[in-house]
1. Length gain on complete extension for the stretch Glu295 to Phe263, per 0.36 nm per residue less the alpha carbon to alpha carbon distance?
2. Please work out how much length the chain gains when fully extended from Lys77 to His169, using 0.36 nm per residue of separation minus the C-alpha to C-alpha distance, in nm with one decimal.
3. To the nearest 0.05, what FRET efficiency results for Glu21 and Asn278 with a Förster distance of 41 Å applied to their C-beta separation?
4. Calculate, for Tyr315 and Met411, the FRET efficiency according to 1/(1 + (r/R0)^6) with r their C-beta to C-beta distance and R0 25 Å; round to the nearest 0.05.
5. Between segment 453-488 and segment 336-358, what is the separation of their alpha carbon centroids in Å?
6. Give me the log10 of I(q) over I(0) for segment 143-273 at q = 0.12, 0.20 Å⁻¹, as the Debye formula computes it from C-alpha points; what are the numbers?
7. Determine the alpha carbon to alpha carbon distance for each of Lys77/Lys328; Lys291/Lys359; Lys140/Lys246; Lys151/Lys246 and list only those over 20 Å.
8. State which entries of Lys72/Lys271; Lys213/Lys350; Lys155/Lys266 exceed 29 angstrom in Cα-Cα distance in the structure shown.
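What follows is calculated from the coordinates using simple rules that are stated; it is not laboratory data. No experiment lies behind these values; they were computed from the predicted model shown. Cβ coordinates were reconstructed from backbone atoms using ideal geometry, including for glycine residues, and neighbour counts include every protein chain displayed.
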Amino acid sequence: MNDREELPKVLYRFDYAEDREIFVEAFQGYFELLICKTDEDAKLMLEKYGAHISALVIDQEVIDSSLSSLCKSVHPKILSIQLHRDIALDAIVSLLDSGLTDKCFAKPYDANIIRSEIFTAALGVDDNRLIPLTVDGADKTFSVLIVDDEKIATKFLSKQLQHLGCPCHILVAANAEEALVIIEEQKSNLAMIISDHRMPGITGNQLLSEVQKYCPHIIRMLTSAYEEVDIALNAVNEGRIYRYIKKPWNAEEINSIIKLSLFEFKSRLKKAREQELNLQQQYQLILDERKLNIEKNLTEVVNKFGGEGGLEFFYACLNQISPLPPGKASLRASLETDIETRLVLDFSNKVKQRLLPLKDKLLPTSSETVLALIRKLCESDIEATQHMLSEAVCSMYLDVEILVCLQQLLMSSGLDFRSMALLDEGHESVLKLKVGTDLSLYRHILSAHTQVSEQMLQQQCELLILLLICRKLDLDIAIEGSAQSFQLSIKLPNACT
């Protein structure tokens, strides 16, 4: 365990000695506990440690403590936790809606969950993932999906909301299955879901849990006519829902909630876009530096083998392919570890080693041999392909190396030469991937990384070598990129001209 000074600080306000004993036993050694019997003691601790406090835990039956408000004013990002024995659902909803309390836990609580929440807060982890929307939401009309098996009630509510001038387009589903279909179709327009909990089949809580996994940007609200305190609490604490709404529905209240939720949704959207833009700008600086270092290491050897502009052609091909975007973890890795140095050096060394034996290869005098080999490879099983390529690499001619590069690229995507076709087009043949087949490329040498993958380096090395060989042999190679994949084709002459 770390020294006391390195432990996250937790301000604990209690009323009863037995509660204090339970809390101390569960959390001592994990956190530096600032234990307070009175609000005055807590305020003194707050003045002394301020923003160094990671979490406030209020272990009192009263829920209108001014301590949460004071803590949030001093340290807005502090995690505020309320522990309780018996508390009404209305009180929980009010408490969470205020924004002064982040989590509620009923006693007896699970100490492991609370420890995890506090450690997350101490690390400064932001639970709000970037919202994967690219549309401009300033003037767009978003949708709200209401899910309830009482069709008459949802129909009536929908009409009332329209009459009240609801700011969202209203969608309705009678069950979770219908809702999932609508979500898939409308996820780029959907701002929020209001789902009843008690429905046949998949419950509302389960539905919102599923939505959270795949569409975390959608604001999720749970509603029920029953006092289901545990379900509501768990859903809030685990981040599945934005708020809990009690039945029977009041159209004016629901309309107000939708307006507030829409404002929250747009605020999150704006914040996410700002974060994404800032992240991209920071990463572009890293990428520019990476390219400069690669060029320092490789420009001379690449130009000597394939002529000037080889690296620029390689970069241009990569820029057509959209890899996985940069995130906070990849930015942190580039700024705080030696990953950038290792990425440049390992890639440069691999390319130099690969080019070394190629400088002695002869330019082909005829393309018939390699075309015949390609035809066999495209029709052979993996074992036969390996045997043919093992013999081919001993060839003195450079064009055979094209097949060696292609094999590595295919293998990195779980494919083989049977995924390619050789098409006769008169004076030339075109070697290309079959329709519906792409080469996968989740990360490349110009993308964000959190670790240096040997497979990625090998793939990138072979792609660069393939491009250089084609340039040296004056062959037309085309790469058409898309999201995390690309198509590839090479034109080969049918006869020596």
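1. Roughly 6.8 nm would be gained on extension.
2. Details: separation 92, 0.36 × 92 = 33.12 nm, distance 3.37 nm.
Gain on stretching Lys77 to His169: 29.7 nm.
3. 0.30
4. Numbers: r = 24 Å, r/R0 = 0.95.
Step by step, r from the Cβ atoms, then E = 0.55.
5. Segment 453-488 and segment 336-358 have Cα centres spaced 16 Å from each other.
6. The computed values of log10 I(q)/I(0) come out as -0.40, -1.22.
7. Over 20 Å apart, Cα to Cα: Lys291/Lys359; Lys140/Lys246.
8. With Cα atoms farther than 29 Å apart: Lys213/Lys350.
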